[in-house]
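First comes the structure, then the notes that go with it.
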Amino acid sequence: MSASATLDTTPDQITVSVVEDHPLFRAALASALTGAGWVRLGVPAGSVEEFAAHRRPPGDVVVLDLGLPGARGAAAVLAIVELGHRVLVMSAQAERTDVLAAIAAGARGFLSKDADAAEFLQAVRRIAAEGPKAILAGPIAQAIVDKVAEAPRPGAMTLADLAAYKHNAGP
């Protein structure tokens with residue numbers, strides 16, 4: 001697909017940027033997105049700082065790795081969310097504490113890097129369409145359910161509780 005083809009838009013297209021420090025994986029995600037036909041590729045960047053320098057208008061879905069140079073982990077999620085974007089984390093770092101911290105920082109979804117293209121594209125579409133609901137897959141969803149079940153008051157877990165959990169859990 002040519003670069004100019006990714007700039008054509010229709011009312012139902014979704015702008016998606018990719019922040020991933022591994023060039024090959026970043027290119028593979030961009031290819032899957034542009035091949036979907038309903039995505040306009042925003043900014044492919046290797047770090048949060050590089051993405052922020054492009055000053056994208058708010059509202060993009062941003063696919064974000066957690067293990068980036070510079071801002072990383074939940075701090076990377078928070079930086080992108082504060083720019084007004086919806087974050088789908090796609091990371092090899094899928095430990096329970098990483099997932100909880102990313103969701104607490106504002107990520108709207110979390111997939112591990114072993115997700116297939118169909119699952120990835122479905123998550124992007126749902127995040128664009130459904131607003132603030134979190135999209136979690138497989139063991140990641142179970143980790144969230146387990147953590148909520150551990151809360152002293154079921155259903156009363158706050159973002160502050162999740163952030164404290166991440167802080168106290170350590171590496």
- Based on what the data block shows, is ALA102 within 13 Å of LEU64 (Cβ to Cβ), at pLDDT 60 or above and assigned to a loop (DSSP other than H, G, I, E, B)? no
- Which of the residues that make up region 10-34 are touching a Ser or Thr at 6+ places or on another chain (Cβ under 8 Å), under 15 Å from GLU50 (Cβ atoms) and surrounded by fewer than 20 Cβ atoms within 10 Å (Cβ to Cβ)? ASP21
- Note on the structure: For region 121-132 the number of residues that are modelled with pLDDT under 60 and surrounded by 11 or more Cβ atoms within 10 Å (Cβ to Cβ) is 0
- Considering only region 87-120, state which residues are of a type in the set (S, T, N, Q) and open to solvent by 50 Å² or more (accessible area, probe 1.4 Å). GLN93
- Query: Does region 27-47 contain at least one residue that is polar (S, T, N, Q), more than 14 Å from the chain's Cα centre (by Cα) and under 20 Å from ASP12 (Cα atoms)?
  - Reply: yes
- Identify the residue in region 1-56 that is among the acidic types (Asp, Glu) and farther than 20 Å from GLY67 by Cβ and, among all such residues, is modelled with the highest pLDDT. ASP12
- Result of the Cβ filter at 7 Å on region 110-126, keeping first residues that are in contact (Cβ under 8 Å) with a residue 40 or more places away in the chain and partners that are open to solvent by 20 Å² or more (accessible area, probe 1.4 Å) and assigned to a helix (DSSP H, G or I), at least 6 apart or interchain, is ALA117/ALA32; PHE120/ALA32; LEU121/ALA32
- Residues of region 35-62 that turn out to be surrounded by fewer than 20 Cβ atoms within 10 Å (Cβ to Cβ) and aromatic (Phe, Trp, Tyr), as a count: 1
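The values are calculated or read from the model by the stated rules, or taken from the named source; none is laboratory data. On a predicted model such as this, the values are computed, not experimentally measured, just so you know. As a convention, Cβ positions derive from the backbone with ideal geometry for all residues, glycine included, and neighbour counts pool all protein chains shown. With ligands, DNA and RNA removed, areas are computed over all heavy atoms of the protein, side chains included. Shrake-Rupley method; radii C 1.70, N 1.55, O 1.52, S 1.80 Å.
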